[in-house]
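The values are calculated or read from the model by the stated rules, or taken from the named source; none is laboratory data. Nothing here was measured: the structure is a model prediction, and the numbers come from that model. All Cβ positions, even for glycine, are placed from backbone atoms using ideal geometry, and neighbour counts span all protein chains on display.
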Amino acid sequence: MPVAPEDWRPQGVDDLEPRAWDALRETAQSVCVTAGAGAGKTEFLAQKAAYLLQTGLCPAPKRILAISFKRDAAQNLAARVRQRCPADQARRFHSMTFDAFTKHMLDHFRLAIPYAYRPPADYSVAFPSRQDIEVFLRRHGRPNVSADRFERAVARTPLPLEETVESPRARELLRAYWDDQYAMPDGALVSFAMINRVVEYMLRANPRIKRALRLTYPFVFLDEFQDTTYAQYRLVDAAFSESDAVFTAVGDEKQKIMGWAGAMDNAFDEFTADFNAVRHALLSNWRSHGALVAIQHVIARQIDSDVEEVEARGELAIEGDTAAIWRFDSREQESEQIARWIRSEVDDGRIAPHDVAILVRMRANNVEDELAPALRAHNLALRNLARNVGEIAIQDLLAEPLTEVLLPLLRLGASVRDPDAWNAAQERLQMLAGTSPEDEAGQERLQRDIGEFSRNFRQTMRDESPDPAVADRLFAQALDFAGIERLRQAYPEYRRDADFQRVRNGFQVLLRECVENAADWRGVLDHFEGKDQVPLMTIHKSKGLEFHTMIFFGLDAKTWWSLSPERGEELNSFFVAFTRAKQRAFFAYCSERGNAIDWLEQLLLPAGVEQIDGANIVTADR
Ligand SMILES: Nc1ncnc2c1ncn2[C@@H]1O[C@H](COP(=O)(O)OP(=O)(O)OP(=O)(O)O)[C@@H](O)[C@H]1O
């Protein structure tokens, strides 16, 4: 039975702030919710989804489409909705990344794409480097065209080029690029920018597909809207403009860090005007405590002098420094002291290793080489989430649906009792098998199957200690139990064999790696998930995440040469890094790397950020 809208209450949190209530109850008109870091934007979307599904304002079989930028953001949002709604409702919440959405549209409606631009069925997704583009431009006798500009032109120019590009020379070059990519000797190579263009063209050319899309999704959520590119915006526009679809776009202009990749200049203003949206600005920060929020406000004001002050709703739960620049004389001292500091915090029981995130601006792999040995010497493991296993980054792999399905199954074998793994396995398999929660016989069968599977698995894990060959066998059995065909049907992103194999291979590679140094199978799986390891990632990949303690590595004018008051997006990146911290934010500066960033220190020190000699953050006798 649907709940009456006036009786509906937020799920899993005590309350929402008044402005969030207004934005949540607005279901007849599009809304644009802007809010600072930690304001609960993702939580707000999960609550709004629960509201729409539970009150019947989004009645079955209609669905909500939620588009995020990062895979883990999409997964995080879907997981929050699953926690707040029964399975049959949560299933009607489709959360995916922009790229996954467009690729799904391409794979599903490929034959509806006008012939001249239709990629062959066995295309591969390509991530062209600047060098690839330069090679192309040279080959076509245009070495003086800037590769960056050309790439932007491919991403921005609507199809068909024959109708949209006036200059014959430009048209010829763009057309040659499309032809070349489709005619690669080892099969067509199509970038996400190109996928976006063909799907937008397909939607324009096929009003029936557009109508079906609109009937399926009366509500569309757009997360991190500040980073929407023009091409993505045009696609949303092609799919939903002049329809009754109601949009909810959320984001924070201060966290816009994708301008280099073509993010729009005034995304919120354009959206508000084009979709006649009502604007709401949230004013809480549920993540960080007062002292951090006060410093965040100083940085936010530097980004936007009109920014409203927000209310800190997080509690301070730690003694000592909460924000500081740690100054080191040498790289060696830096790595050693950071490792020693984390060790002492863990030994004192204040945090687990995975509660401290090390963030870097770029080149996580180099930082891994530098920091990992020092951490290892203190019996700490660094988990470089940017590192690839096979052809997929660990951070992306952990957010894959395949991982969501297989990990609970493997966990069932590694413990005598693991109710969380059982529930997760049941929920995922129920979804894969399409078993309705009301189908009692189906549910019983599923429980029996899971019981038998986990007994067999437990037996193997008891009898055989961690070893790569056994890991391969267990992986194959878990995959077999979940059912490869079922997986590929349930998740559109796996419909093409190459996409599925990339993830499958990555999973297997990581599992094999984790077998080393683990005393038992539970240890292997903990390692796989990153438990008790210190995560290392770039700021870009930290968006949307939060950590008890954040340590930024490389705050000097050489390593972060692009951080200057004139380059707004770099300050935004700094803001993103700072605002990931729930309790503490530290910045490591090492004079051996480069000079201090004076203007930033002048901003931060009066705002309450301490400056601490790295030699003193923890003493040698610890
Ligand atoms: N209404 C609420 N009550 C209590 N806690 C909340 C509420 N809304 C959000 N939170 C918590 O606050 C934290 C930040 O929320 P969330 O990640 O949704 O913020 P955000 O606005 O998306 O952040 P950012 O833009 O900085 O990534 C999370 O730990 C979330 O669980």
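Before moving on, here are some points about what is shown:
- Every test in (1) in contact with a Gly (Cβ under 9 Å, 6 or more places away or on another chain); (2) part of a loop (DSSP other than H, G, I, E, B); (3) more than 16 Å from the ligand (Cβ to nearest atom); (4) of a type in the set (A, V, I, L, M, F, W, C) is passed by VAL367 save one, and that test is (2).
- Scanning segment 430-448 for residues that are of a type in the set (D, E, K, R) and surrounded by 14 or more Cβ atoms within 10 Å (Cβ to Cβ) gives a single hit, ASP439.
- Considering the conditions (1) away from the ligand (no atom under 16 Å from the Cβ); (2) among the hydrophobic types (A, V, I, L, M, F, W, C); (3) at pLDDT 90 or above; (4) under 21 Å from the mean Cα position of the chain (by Cα), TRP260 is excluded by exactly one of them, (3).
- Condition met for THR229 (surrounded by 21 or more Cβ atoms within 10 Å (Cβ to Cβ) and among the β-branched types (Val, Ile, Thr)): yes
- For the residues ALA585, ALA596, ALA607, the requirement of being modelled with pLDDT of 90 or more, surrounded by fewer than 23 Cβ atoms within 10 Å (Cβ to Cβ) and either within 23 Å of GLY38 (Cα to Cα) or outside the structural domain of SER330 (by TED's automatic domain parsing) (or both) singles out ALA607.
- Filter result for the condition that a residue is among the small types (Gly, Ala, Ser) and under 25 Å from GLN232 (Cβ atoms), over ALA78, ALA50, ALA20: ALA78
- Qualifying residue in segment 561-570 (condition: touching a residue at least 60 places away in the same chain (Cβ under 8 Å) and either in contact with a Pro (Cβ under 6 Å, 6 or more places away or on another chain) or buried (at least 22 other Cβ atoms within 10 Å of the Cβ) (or both)): no
- Hits in segment 399-412 (condition: in a helix (DSSP H, G or I) and either surrounded by fewer than 22 Cβ atoms within 10 Å (Cβ to Cβ) or at positive phi (or both)): PRO401, LEU402, THR403, GLU404, LEU407
- Test: residue in segment 135-147 that is closer than 16 Å to PHE192 by Cα, touching a helix residue (DSSP H, G or I) at 6+ places or on another chain (Cβ under 8 Å) and surrounded by 13 or more Cβ atoms within 10 Å (Cβ to Cβ): no
- On inspection, LEU213 qualifies as among the aliphatic types (A, V, I, L, M), in the same structural domain as ASP244 (by TED's automatic domain parsing), surrounded by 12 or more Cβ atoms within 10 Å (Cβ to Cβ) and farther than 25 Å from ALA498 by Cα.
- Against the list (1) within 15 Å of the ligand (Cβ to nearest atom); (2) assigned to a helix (DSSP H, G or I); (3) among the charged types (D, E, K, R), the condition GLU308 fails is (2).
- Residue ID - nearest to the chain's Cα centre (by Cα), chosen from residues in segment 408-435 that are touching a residue at least 24 places away in the same chain (Cβ under 8 Å) and within 21 Å of PRO492 (Cβ to Cβ): ARG428
- Output for segment 121-151, where each listed residue is assigned to a loop (DSSP other than H, G, I, E, B) and farther than 25 Å from ASP107 by Cα: HIS140, GLY141, ARG142, PRO143, ASN144, VAL145, SER146
- Any chance GLU319 is free of Cβ contacts under 8 Å to residues at least 40 places away in the same chain, under 23 Å from ILE617 (Cβ atoms), away from the ligand (no atom under 16 Å from the Cβ) and not assigned by TED's automatic domain parsing to the domain that holds LYS41: yes
- Every listed requirement among (1) surrounded by 16 or more Cβ atoms within 10 Å (Cβ to Cβ); (2) in a loop (DSSP other than H, G, I, E, B); (3) away from the ligand (no atom under 16 Å from the Cβ) is met by GLY314 save one, (3).
- Every residue from segment 524-574 that is more than 16 Å from the ligand (Cβ to nearest atom), touching a helix residue (DSSP H, G or I) at 6+ places or on another chain (Cβ under 8 Å) and among the hydroxyl-bearing types (Ser, Thr, Tyr): SER562, SER564
- Test: residue in segment 588-607 that is over 20 Å from SER305 (Cα atoms) and either touching a Cys at 6+ places or on another chain (Cβ under 7 Å) or of a type in the set (Lys, Arg) (or both): yes
- Contacts under 7 angstrom Cβ, first residue in segment 236-250 being under 13 Å from ILE64 (Cβ atoms) and modelled with pLDDT of 90 or more, partner among the aliphatic types (A, V, I, L, M) and within 16 Å of the ligand (Cβ to nearest atom), 6 or more apart: PHE247/LEU222; THR248/VAL31; THR248/VAL33; THR248/LEU45
- Restricted to strands (runs of 3 or more DSSP E) entirely inside segment 524-614, those with at least 3 residues that are within 27 Å of GLN395 (Cβ to Cβ) are 533-538, 547-553, 581-590.
- Test for VAL154: is it modelled with pLDDT of 90 or more and part of a helix (DSSP H, G or I): yes
- Residues of segment 122-134 satisfying the condition of being of a type outside the set (Ser, Thr, Tyr) and surrounded by 14 or more Cβ atoms within 10 Å (Cβ to Cβ): VAL125, ALA126, PRO128, ASP132, ILE133, GLU134
- Selection count, segment 611-621, where residues are touching a strand residue (DSSP E or B) at 6+ places or on another chain (Cβ under 7 Å) and surrounded by 14 or more Cβ atoms within 10 Å (Cβ to Cβ): 4
- Index of the failed condition, ALA273 passing every other in (1) at pLDDT below 95; (2) closer than 17 Å to THR579 by Cβ; (3) part of a helix (DSSP H, G or I): (2)
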